[in-house]
Amino acid sequence: MLNIGCHVSSSKGYVQMLKDTLYIGGNTFAWFTRNPRGGQAKAVDPVDLEKFIALAQENNFTYLVAHAPYTLNLCSLDPSTRDFAIRTFKDDLRILQNVPSSFYNFHPGSHVGQGEDKGISLIVDALNEILSEEQNTIVLLETMAGKGSEVGRNFYEIKRIIDGVKLKDHIGVCIDTCHLHDGGYNVVSDFDGVLDEFDRIIGLDKLKAVHLNDSKNVQGSHKDRHECIGKGCIGLEALVKVINNPRLQGKPFILETPNELDGYKEEIALLKSLYTGK
Ligand code: FE
Ligand code: FE
Ligand code: ZN
């Protein structure tokens, strides 16, 4: 089965996120645990959550992929910004502790001129402070396009972060097809080669989720501008190969394309019609 969904609005709670996902024909979703630009997390309504858990089971929902706010920067130059990021991260994990089968996906950070070595060591220190043995949620480093001073722009940088983390069972990776392509990887004509490289450097057992996006820009542009499926520089044929890749079966695929629900619904119908798995 193709496990697919998109980013849904969290403003009306978990049951509504599930309903939006059923409407578009999906069985997983991504959401911001709080405003994508930061701010307070909304308190979770326990009744809504309980209803959601039952409905998710009935409707064969698979692993959900929560997204940390974009502004969270574990390797900021400013210690108070780093401290804020760590507190936000911990608070989100505390909330997710009650949401079964959830990942927490985050952008590793931007080193803002400190260099990637310093950036990586700050991210590692922060994660070692954040992660705990009791935590149910696996946190996922997202592969980045390499815009500005983003850390995580290639598999080596992701691997160095994982190497420094003590609780390795609690950390994984979310690949983003737009970011890989913009970061220079050949998603268009050699996605299998990209996965081979991922396996050689990081290990495929660490790959937990996929952001499925087309890109407005050419390979290696380091831009990070998502495009609708089939309308960008990656193209439909290559993205269909991604969802059908035998090594990615069972993973949640999350669309982050510039769409409203009806647009997502069309993209999911199209992808399902071209899905060759069972
Ligand atoms: Fe992201
Ligand atoms: Fe993404
Ligand atoms: Zn992006």
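General observations
- Residues of the stretch 135-145 include none that is in contact (Cβ under 8 Å) with a residue 40 or more places away in the chain, open to solvent by less than 10 Å² (accessible area, probe 1.4 Å), among the hydrophobic types (A, V, I, L, M, F, W, C) and away from ligand 1 (no atom under 16 Å from the Cβ).
- Subset of the stretch 220-236 (residues that are closer than 9 Å to Cys178 by Cα and open to solvent by 80 Å² or more (accessible area, probe 1.4 Å)): Arg225
- For the stretch 19-30, the criterion of being assigned to a loop (DSSP other than H, G, I, E, B), at pLDDT below 95 and more than 19 Å from Glu129 (Cβ to Cβ) is met by no residue.
- Against the numbered list (1) in contact (Cβ under 8 Å) with a residue 24 or more places away in the chain; (2) of a type in the set (A, V, I, L, M, F, W, C); (3) out of contact with any helix residue (DSSP H, G or I) (no Cβ under 8 Å at 6 or more places or on another chain); (4) within 16 Å of ligand 3 (Cβ to nearest atom), Val218 comes up short only at (1).
- Residue within the stretch 88-104 that is without any contact (Cβ under 8 Å) to a residue 24 or more places away in the chain, within 20 Å of Thr137 (Cα to Cα) and away from ligand 2 (no atom under 16 Å from the Cβ) present: yes
- In the stretch 64-83, the residues that are on the phi > 0 side of the Ramachandran plot never reach a residue that is more than 16 Å from ligand 2 (Cβ to nearest atom) with C-beta atoms less than 6 angstrom apart, at least six apart or across chains.
- Candidates Gln40, Gln16, filtered to the one that is of a type in the set (S, T, N, Q), touching a Lys or Arg at 6+ places or on another chain (Cβ under 9 Å) and open to solvent by 50 Å² or more (accessible area, probe 1.4 Å): Gln40
- Qualifying residue in the stretch 254-267 (condition: assigned to a strand (DSSP E or B), buried (at least 18 other Cβ atoms within 10 Å of the Cβ) and touching a strand residue (DSSP E or B) at 6+ places or on another chain (Cβ under 9 Å)): yes
- One residue stands out among those in the stretch 46-82 that are in a loop (DSSP other than H, G, I, E, B) and open to solvent by 80 Å² or more (accessible area, probe 1.4 Å): the one that is modelled with the lowest pLDDT, which is Tyr70.
- Within the stretch 192-213, the set of residues being of a type outside the set (Lys, Arg) and either crowded, with 20+ Cβ neighbours inside 10 Å or touching a strand residue (DSSP E or B) at 6+ places or on another chain (Cβ under 9 Å) (or both) comprises Val194, Leu195, Phe198, Asp199, Ile202, Asp205, Leu207, Ala209, Val210, His211, Leu212, Asn213.
Okay, residues lined up against (1) among the aliphatic types (A, V, I, L, M); (2) over 16 Å from the mean Cα position of the chain (by Cα); (3) under 18 Å from Thr21 (Cα atoms):
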residue: Ile201; (1), (2), (3): yes, yes, no
residue: Ala209; (1), (2), (3): yes, no, yes
residue: Gly220; (1), (2), (3): no, yes, no
residue: Gly232; (1), (2), (3): no, yes, no
residue: Gly235; (1), (2), (3): no, yes, no
residue: Arg247; (1), (2), (3): no, yes, no
residue: Gly250; (1), (2), (3): no, no, yes
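Residues are listed down the side, and each one gets a yes or a no for (1) more than 18 Å from Leu77 (Cβ to Cβ); (2) surrounded by 19 or more Cβ atoms within 10 Å (Cβ to Cβ):
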site: Asn98; (1), (2): yes, no
site: Ser110; (1), (2): no, yes
site: Gln114; (1), (2): no, no
site: Asp117; (1), (2): no, no
site: Asp125; (1), (2): no, no
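- Selection status of Arg160, in contact (Cβ under 8 Å) with a residue 24 or more places away in the chain, among the basic types (Lys, Arg), away from ligand 2 (no atom under 16 Å from the Cβ) and open to solvent by 10 Å² or more (accessible area, probe 1.4 Å): yes
- Residues of the stretch 239-253 that turn out to be touching a strand residue (DSSP E or B) at 6+ places or on another chain (Cβ under 9 Å) and either open to solvent by less than 20 Å² (accessible area, probe 1.4 Å) or under 19 Å from Asp190 (Cα atoms) (or both), as a count: 7
The values are calculated or read from the model by the stated rules, or taken from the named source; none is laboratory data. Note that the structure is a prediction, hence the values are computed from the model and not measured. A quick note on method: Cβ atoms are made from the backbone with ideal geometry, for glycine too, and the neighbour counts reach across all protein chains shown. Areas reflect the complete protein model, heavy atoms only, side chains present, ligands, DNA and RNA absent. Shrake-Rupley method; radii C 1.70, N 1.55, O 1.52, S 1.80 Å.
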